[in-house]
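Just so it is clear, none of the values below were taken in a lab; they were calculated from the coordinates. Since this is a predicted model, take the numbers as computed values, not measurements. No Cβ is skipped: glycine too gets one built from the backbone with ideal geometry, and neighbour counts run over all protein chains shown.
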Amino acid sequence: MILHCVFLRLKSALGTADKQSIFDAVLALKDIIPGIVSIKVGPNVSPEGLSGGFQDGFAVTFETADARDAYLIHPDHKAVGERIVAACDGGLAGLLVFDLEV
């Protein structure tokens, strides 16, 4: 399995409803794209203070690396990704993506 972690540094002007709308769109991908086992979304809750400004994020668990690769090129993922980039402080610079084999 692959754990696809995405950490976000969202624009401070982004409202709560807009943030929730983005997370709802991410969660909806589970019902659209095959091979997704689970999706978790939410704020950083670490007490360590080492987030580097990435205060929100989500993690998608995929059955296989092939499922993850199909997700990356899926048009619905690309549309949600564009929304996320537009909502991040500095565009792509406001994103950190890290994948782990689990």
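The set of residues in region 47-78 being of a type in the set (G, A, S) and under 15 Å from D31 (Cα atoms) consists of A67, A70. When the residues of region 39-50 are filtered to those that are touching a Phe, Trp or Tyr at 6+ places or on another chain (Cβ under 7 Å) and among the hydrophobic types (A, V, I, L, M, F, W, C), the one that is surrounded by the most Cβ atoms within 10 Å (Cβ to Cβ) is V41. Name the single residue, out of those in region 51-73 being part of a loop (DSSP other than H, G, I, E, B) and over 15 Å from the mean Cα position of the chain (by Cα), that is surrounded by the fewest Cβ atoms within 10 Å (Cβ to Cβ). Looking at the filtered set, the residue picked out is G52. Candidates are the residues of region 27-38 that are surrounded by 13 or more Cβ atoms within 10 Å (Cβ to Cβ) and not aliphatic (A, V, I, L, M); the one that is farthest from L92 (Cα to Cα) is G35.
Restricting attention to region 1-13, the residues that are surrounded by fewer than 17 Cβ atoms within 10 Å (Cβ to Cβ) and either touching a helix residue (DSSP H, G or I) at 6+ places or on another chain (Cβ under 7 Å) or polar (S, T, N, Q) (or both) total 2. For region 1-41, the set of residues classified as assigned to a loop (DSSP other than H, G, I, E, B), over 12 Å from Y71 (Cβ atoms) and touching a residue at least 40 places away in the same chain (Cβ under 8 Å) consists of M1, R9, K11, S12, L14, listed by residue number. Within region 1-26, the residues that satisfy the criterion of being over 19 Å from A93 (Cβ atoms) and hydrophobic (A, V, I, L, M, F, W, C) are M1, I2, L3, A17, F23, A25, V26. Consider V97 against the criteria (1) in contact with a helix residue (DSSP H, G or I) (Cβ under 9 Å, 6 or more places away or on another chain); (2) assigned to a strand (DSSP E or B); (3) under 21 Å from L14 (Cα atoms): it satisfies all of them except one. Which criterion is unmet? If we test V97 against (1) in contact with a helix residue (DSSP H, G or I) (Cβ under 9 Å, 6 or more places away or on another chain); (2) assigned to a strand (DSSP E or B); (3) under 21 Å from L14 (Cα atoms), just (1) comes out false.
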